[in-house]
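Engineer: One structure, as structure tokens, below. Some questions next.
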Amino acid sequence: MQASSSTHTLIYQADKQKFLQDADRYIEDLIEIQYQEKTGKKVSPKEKQSWQNSLQEMAKILRDDSIPASAGVGIELFAPQSMSRIDFTLTGYDEYGNKKAVIIELKQWSGIEQTSKDAIVRTMLGGGLNEAIHPSYQAWSYAMLFESFNESVSSGDIKVIPCAFLHNYPENDNAILDARFKEYTEQAPLFRKGLAERDKLLAFLRQHIQKGDQQAVLQQLISSRIGASKAFADSLAQLMKGNTEFALINDQKLVYESIKEIAQAAAPGKHKVIIIEGGPGTGKTLIAINLLVKLLQTGIAIKYVSKNAAPRHVYKAKLTGTVKQTHFNGLFTGSDSFHAMEPDSFDVLLVDESHRLTEKSGMFNNLGENQMKELINAAKCTVFFIDEDQRVTFRDIGSREQIRHWAAIKEAEIHEFTLSSQFRCSGSDGYMAWLDNVLDIRETANNLLNTQSYHFKVFDTPEAMHEAVEKKNGKNKARVVAGYCWPWNSKTDTRQMDIVIGSHYQRQWNLASNSMVWIIAPDSIDQVGCIHTCQGLEVDYIGVIIGPDLIVRDGQVITDASQRSSMDQTIKGYKTRIKKDPAGTKALADRIIKNTYRTLMTRGMKGCYLYCSDPETADYFRSKLQ
């Protein structure tokens, strides 16, 4: 496979002199026209207003004659390996003749609230107080993408310098410069409102841009080949080296080598689509991470994609040894942005948890057409890792049938593989078959479970079950999870308890501050996880609380979606759906609830401890044990 050619998109390009002229002539209208021409998409009134406000502030800075008139100006530059856009780029040469590109993150913020999350603050966005990335981190992360994936930058020919300009932020408000953000503000200095702050920004720009480039540096930056730098790829490979957690065994290795060979043969017009089917514990994510690291070393454009955020955060943390933001973040992404991508933007996309893919994208489910179609279109080779028995929301539509359908429309060559169980304990296939039978998902011959092969125990109280799991947590490899039958009160008030059973058991859901890495966070054994923080991830021992949404009466497994918390988004729209299609909606909700507990009960590689809020249901599970 040939390494990717440039996929940089730049909406507006000029020298400083032309930019200042355009700034006097409704530059926001000019950028809107060019944005629609280059992307085929419309611009929201709020974004257009932000262009008008922020670019006028930049024009005020650049009117100073100490910034050369021939310096290059880029507006809305798409960062490599990303659909993120860099607000403002200024290019030229420093006093030693070195090529420089200063990237500036522009914000209209006037204040923030701090959070306990790394590089995350709260500010007024979208009509309310919402979480956002710290601007210095944002600018720094863009610079890291260029250093990692842009050949001119990774080779050292062009130096990218990040900073942030918050032109409405009071200069006497230091919350944005708190010590917790120091590592990012040192890498990407932040400038605020006020004459003194503007003078500092001007001095910063003057330090790096002393001679104009007639847009030559800017042009080189956007036309440079995109692909992982050798140093970046080698550093990631070094992190994996010797890490036994990522070792491939048996058919995992066979499938991995086959995918690697197929992926490297992909090219425009010779598209490949690969479907890897496997149940819990078969090693789908292990194969994906190994492919990510190995193929990155060949210089291709590649990403790991998952709809659910938890696997992305956890496996990045396992690779890098830190849950903090790093320059490896650019390799991991969600599935919501590919509707906006040009065809063949990537060489390879590794789509984990493909059963969680949805039709539409975006917060309001109103973007794009179909995520499977868009992921296939965005890459020369798209690899889907799937287990259809782990679809756990109304929106989950990922299926082999749909992947084949969209691959055929693309005229892509389809390859399919099946992974057998590598559950890292004996009797795993029997346990999976028993679960299918006992949850009434499908009838199997496994009516009774041999608990000597897989440790399974039903507890009388949640306190006893949680205590037993805590005792297995010596290596931070045991957790308690539950069906979403209790509201998440502690999300907004950390003093409140969420899961209250009887008079003694009171626990909180996975804390908002660490929810994405809850399953590996050292202090999370005290909390209870949900499907969103554990799907696609594994521990040695899992404790599962079955709530009132699944009960057993006279040997019949009965589900009741109305017992789910009103905060549960997995069955959002249930009341509306059931009015239109009672039978179909009940059948779908029944399968989602059963799939949810099947997924929760397969997170433990060595054992599962169970507590049922309904006594008859607990007796039913006990009766199914040898």
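The values are calculated or read from the model by the stated rules, or taken from the named source; none is laboratory data. Remember, predicted model here, so these are calculated numbers, not experimental data. We place every Cβ from the backbone using ideal geometry, glycine too, and count neighbours over all the protein chains shown.
Engineer: Name the pairs: first residue in the range 554-579 and over 23 Å from residue 532 (Cα atoms), second residue exposed (fewer than 11 other Cβ atoms within 10 Å of the Cβ) and hydrophobic (A, V, I, L, M, F, W, C), Cβ to Cβ under 6 Å, at least 6 apart or on different chains?
Structural biologist: Nothing qualifies.
Engineer: Moving to a separate point now. Restricting attention to the range 504-520, report how many residues are hydrophobic (A, V, I, L, M, F, W, C), surrounded by 23 or more Cβ atoms within 10 Å (Cβ to Cβ) and in a loop (DSSP other than H, G, I, E, B).
Structural biologist: 2
Engineer: Tell me the strands (runs of 3 or more DSSP E) entirely within the range 521-626 that contain at least 3 residues that are in contact with a helix residue (DSSP H, G or I) (Cβ under 8 Å, 6 or more places away or on another chain) and modelled with pLDDT of 95 or more.
Structural biologist: Here the list reads 539-546, 550-553, 604-612.
Engineer: May I pose another question? For the range 1-71, please list each of the helices (runs of 4 or more DSSP H) lying entirely inside it that holds at least 2 residues being small (Gly, Ala, Ser) and not assigned by TED's automatic domain parsing to the domain that holds residue 270.
Structural biologist: 45-62
Engineer: Next up: All but one of (1) modelled with pLDDT of 95 or more; (2) over 22 Å from residue 540 (Cα atoms); (3) under 25 Å from the mean Cα position of the chain (by Cα); (4) not aromatic (Phe, Trp, Tyr) hold for residue 490; state the number of the condition that does not hold.
Structural biologist: (1)
Engineer: Something else now. Scanning for something among the aliphatic types (A, V, I, L, M), closer than 15 Å to residue 419 by Cβ and in contact (Cβ under 8 Å) with a residue 60 or more places away in the chain, does the range 237-254 turn up at least one residue?
Structural biologist: yes
Engineer: Right, next: For the range 144-162, state whether one or more residues are assigned by TED's automatic domain parsing to the domain that holds residue 89, crowded, with 23+ Cβ neighbours inside 10 Å and of a type in the set (D, E, K, R).
Structural biologist: no
Engineer: Report those strands (runs of 3 or more DSSP E) wholly inside the range 339-450 carrying at least 3 residues which are among the aliphatic types (A, V, I, L, M).
Structural biologist: Here the list reads 346-352, 379-386.
Engineer: Failed condition for residue 344, given (1) crowded, with 23+ Cβ neighbours inside 10 Å; (2) on the phi > 0 side of the Ramachandran plot; (3) of a type in the set (Asp, Glu), with all others met?
Structural biologist: Here residue 344 meets the rest and fails (1).
Engineer: Considering only the range 185-202, state which residues are within 20 Å of residue 54 (Cβ to Cβ) and part of a helix (DSSP H, G or I).
Structural biologist: Of everything in the range 185-202, those that are within 20 Å of residue 54 (Cβ to Cβ) and part of a helix (DSSP H, G or I) turn out to be 185, 195, 196, 197, 198, 199, 200, 201, 202.
Engineer: Let me ask something else. Among (1) at pLDDT 95 or above; (2) surrounded by fewer than 20 Cβ atoms within 10 Å (Cβ to Cβ), which single condition is residue 245 missing?
Structural biologist: Here residue 245 meets the rest and fails (1).
Engineer: Moving to a separate point now. Run down 479, 442 and say which single residue is outside the structural domain of residue 307 (by TED's automatic domain parsing), at pLDDT 90 or above and in contact with an Asp or Glu (Cβ under 8 Å, 6 or more places away or on another chain).
Structural biologist: Residue meeting the stated conditions: 442.
Engineer: Something else about it: Identify, please: which residue in the range 452-472 is buried (at least 18 other Cβ atoms within 10 Å of the Cβ) and in a loop (DSSP other than H, G, I, E, B) and is, among those, modelled with the lowest pLDDT?
Structural biologist: 454
Engineer: Also: Filter the range 283-313 for residues that are among the β-branched types (Val, Ile, Thr) and at pLDDT 90 or above; which is nearest to residue 239 (Cα to Cα)?
Structural biologist: Only one residue fits best here, namely 293.
Engineer: Still on this structure, I have one more. Looking at the range 37-57, which of the residues that are basic (Lys, Arg) and farther than 16 Å from residue 25 by Cα is surrounded by the fewest Cβ atoms within 10 Å (Cβ to Cβ)?
Structural biologist: Checking each candidate, the answer is 42.
Engineer: For the range 342-355, does any single residue satisfy the condition of being of a type outside the set (Ser, Thr, Tyr), under 29 Å from residue 242 (Cα atoms), at pLDDT 90 or above and touching a Gly at 6+ places or on another chain (Cβ under 6 Å)?
Structural biologist: There is at least one residue in the range 342-355 that is of a type outside the set (Ser, Thr, Tyr), under 29 Å from residue 242 (Cα atoms), at pLDDT 90 or above and touching a Gly at 6+ places or on another chain (Cβ under 6 Å).
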